[in-house]
Structures are given as C-alpha cells and as structure tokens.
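Notes follow once the structure below has been shown.
The values are calculated or read from the model by the stated rules, or taken from the named source; none is laboratory data. Small disclaimer: the values here were computed from a predicted structure and weren't measured. We place every Cβ from the backbone using ideal geometry, glycine too, and count neighbours over all the protein chains shown.
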Amino acid sequence: MSQPPSPPPGPIAAGLNGLCPRCGARTMFAGVIRFADRCAACGLDYTSFNVGDGPAAFLTLIIGAIVAGGAIAVELIFSPPWWVHVLLWPAITLALILGSLRAAKGVLLALEVRTAAREGRIAPPR
C-alpha cells in the first residue's frame, strides 16, 4: 500500500527550510542564497518566479527600524562613546540581513508559488 501524498508545506516552513513549495523536498536552493533552476523531485521551475529585490528591501526596512531603536536605547541607557556605535551597529545590521536573507527569499518564492503570481501584463485594448 502506498502512502497518500503529503500536503505541501506552508510558505514559512518552505522558506525557512528550503523546501519545494509544491512537494516539500529540500530542493529550493542551489547555493547559500541562489535558487535552484527547478525542483529535482517534482520538476517545479523556480526560474519562472521572480522575487527580485523584495526580500532585501523588506529586511532593510524592518531590520533598520529594529537596529535604530536598539541604537537609541543603547545611547540613552549606557551613553557609550561614538566609536562604539560605529563598530557595533553596522556589524549587527549586516549580520541580521545576511542571516535572514535566505529565509526571506524562500518565503517570498513560496508565496509566489502558492498564489500563482506572475509578471504583470497589460490587457490588449478591445
């Protein structure tokens, strides 16, 4: 008796774990943040989806707000010298953005697959 097919993973689980949004195989990425061309298990073509700069822009805005709040809090609570801020906050920002970029790209691609998003098209005139 064969097992029934498992439901596809949710967008967050797929993005965080690099799972194919259609079949759940761990085939979404071919590199650290580079998507594979297609799923080796089910053949889903990842090149037909375009996440673009969305993940990096979202992360920059979200993490930038968090880091700015942290910098203000550290300044008000500890009043460190200016060079501490110069050394601390760019490194924290870079680490947070690079550390979460893979997951953000994966989640956005999984959402595109789920909603069947495609490039915008203008309808021909009638």
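Anything in the stretch 66-107 that is touching a Phe, Trp or Tyr at 6+ places or on another chain (Cβ under 8 Å) and either in contact (Cβ under 8 Å) with a residue 24 or more places away in the chain or within 30 Å of Y46 (Cα to Cα) (or both)? List them, or say none.
V67, R102, A104, K105, G106
How many of the residues in the stretch 38-84 are of a type in the set (S, T, Y) and modelled with pLDDT of 95 or more?
Looking only at that region, the number is 1.
Considering only residues that are among the β-branched types (V, I, T) and over 14 Å from the mean Cα position of the chain (by Cα), look in the stretch 1-59 and name the one that is surrounded by the most Cβ atoms within 10 Å (Cβ to Cβ).
T27
Any chance you could count how many residues in the stretch 5-29 are of a type outside the set (D, E, K, R) and assigned to a loop (DSSP other than H, G, I, E, B)?
Summing the residues that are of a type outside the set (D, E, K, R) and assigned to a loop (DSSP other than H, G, I, E, B) in the stretch 5-29 gives 15.
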